1. With unit charges on the beta carbons (Lys and Arg positive, Asp and Glu negative) and the dipole taken about the Cα centre of the chain, which residue among Asn264, Leu308, His88 sits farthest to the positive side?
2. Ranked highest first by the average count of other Cβ atoms within 10 Å around their residues, in what order do 334-342, 172-180, 217-225, 281-289 fall?
3. Ranked by Cβ crowding within 10 angstrom, fewest neighbours first, how are Met109, Met332 ordered?
4. Could you give the length gained by full extension between Ser29 and Glu343, i.e. 0.36 nm per residue of separation minus their alpha carbon distance, to one decimal place?
5. Which value, in debye to the nearest 20, describes the size of the charge dipole of the stretch 141-274 about its Cα centre when Lys and Arg Cβ atoms bear +1, Asp and Glu Cβ atoms bear -1, and nothing else is charged?
6. With +1 assigned to the C-beta of every Lys and Arg and -1 to the C-beta of every Asp and Glu, and no other charges, what is the dipole magnitude of the chain about the Cα centre in debye, to the nearest 20?
7. With both partners inside the stretch 141-274, how many of the DSSP beta bridges are antiparallel, as a percent to the nearest 5?
8. So what's the chain giving for Cα Rg divided by 2.2 N^0.38 Å, two decimals?
Amino acid sequence: MRARTHLLFGLAAFAVTAALPWAACAQESVAAFYKGRQITIIVGSSAGGGFDIYARLLARHMSKHIPGNPGVVVSNMPGAGSNTAAAHLFSAAPKDGTVIGALQNSAVMDALFGTLLGDSRRLRHDPTKFIHLGSATTDHYVCIARADARVKSFKDTLSREFLIGASQPGTSTRDYPAMLNNTTGSKIRQVSGYPGTREITLAIEKNEVEGLCGFSWSSLQAQRPDWIRSGFIRVIVQEHDKGNPEISKMGVPLAVDFATSPENRKIMELVYSAETFGRPYMLAPGVPPERVEALRKAFLETMRDRELLADAQRIGIVIDPISGEALQALAMKIFATPTDLVEQARQALTYKAP
């Protein structure tokens with residue numbers, strides 16, 4: 001028995017010892033590849049918005065955590081709710097770990113509705129095959145209204161028309177308020193076609209529109225940190241299934257509590273599950289596993305970097321990272337949703353003017 005025990009310990013020690021040179025070799029291989037190269041983070045939305053702000057913060061600090069210390073730059077490719085950038089990442093970008101996609105989390109749900117229901121013709125990529133690196137934070141979306149708007153609370157939208165700015169289909173600023181109309185009976189009228197939240201917030205300042213829905217709480221704090229303090233706007237509802245403690249302390253209700261039926265609440269909860277993806281970063285399928293592992297490790301190290309956290313605090317954005325492995329598992333769970341519920345949710349995202 002003692003001899004067998006010694007043998008098992010010996011084999012285990014050999015396995016660990018044998019793995020060390022392999023790990024070191026993989027590390028050296030990754031470092032050799034990235035040395036002197038450049039990584040491009042492609043942001044699937046316009047410059048100056050929340051996704052852009054997070055991506056540029058990541059780019060400033062990630063290089064030192066990647067073996068070989070490559071340069072990291074940001075490029076914007078807005079369009080079709082990040083599906084333009086997703087198609088480029090999937091089909092055209094090099095699949096060697098030199099291109100990272102910073103895609104809107106709503107693109108995950110947009111892909112769900114097309115892929116599971118056999119209507120993926122407009123998607124020029126297979127979203128189920130992306131490799132997740134991680135997310136900078138979990139998002140919480142809200143509806144905001146100018147303080148001088150006719151609507152003073154979300155309850156008011158059930159009887160009064162609320163004019164908001166919105167982007168194109170497939171984005172939270174367009175799809176989330178469309179769903180509110182269909183699941184709560186709100187009377188939200190959209191002025192669509194704005195490139196992103198930066199342009200919509202400018203429209204709110206000019207009083208072209210009264211507000212904005214599907215707006216990330218972290219983006220609001222980063223782009224317009226003075227709006228709540230000054231009383232220029234009020235937050236009228238949380239577009240999340242559980243809510244944010246900070247926003248809840250302000251007395252802001254949950255949109256799901258206004259659902260007109262249990263079925264509509266399930267639809268809202270499914271759509272809002274995309275918010276867990278927060279600010280996701282992805283790689284195209286086919287990137288060598290050792291580079292995927294190195295980039296996932298580098299991403300989490302960057303999110304814990306003291307200098308990055310100091311920068312995040314200075315510009316007023318939240319860092320609460322999620323690992324790539326956790327996001328990969330969540331994506332698999334979402335894409336396993338029963339098709340009947342997915343079909344109901346897709347119909348609920350169809351905008352109908354009040």
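Values in this text are rule-based calculations from the coordinates and carry no lab data. All values derive from a computational prediction rather than experimental measurement. Positions of Cβ are backbone-derived with ideal geometry, glycine not excepted, and every protein chain shown enters the neighbour counts.
1. Checking the options against the dipole of the chain, the answer is Leu308.
2. Numbers: 334-342: 13.7, 172-180: 26.1, 217-225: 20.9, 281-289: 19.0.
Packing order, densest peptide first, comes out as 172-180, 217-225, 281-289, 334-342.
3. So the residues, fewest neighbours to most, are Met332, Met109.
4. Value of the extension gain: 108.4 nm.
5. Taking the Cα centre of the stretch 141-274 as origin, the dipole is about 220 debye.
6. Values: 39 positive and 33 negative charges, 56 e Å.
Dipole of the chain, to the nearest 20 debye: 280 debye.
7. On the way: 10 of 16 bridges.
Around 60 percent of the beta bridges assigned by DSSP in the stretch 141-274 are antiparallel ones.
8. On the way: Rg = 22.2 Å, N = 354, 2.2 N^0.38 = 20.5 Å.
Its radius of gyration relative to the 2.2 N^0.38 Å reference: 1.09.
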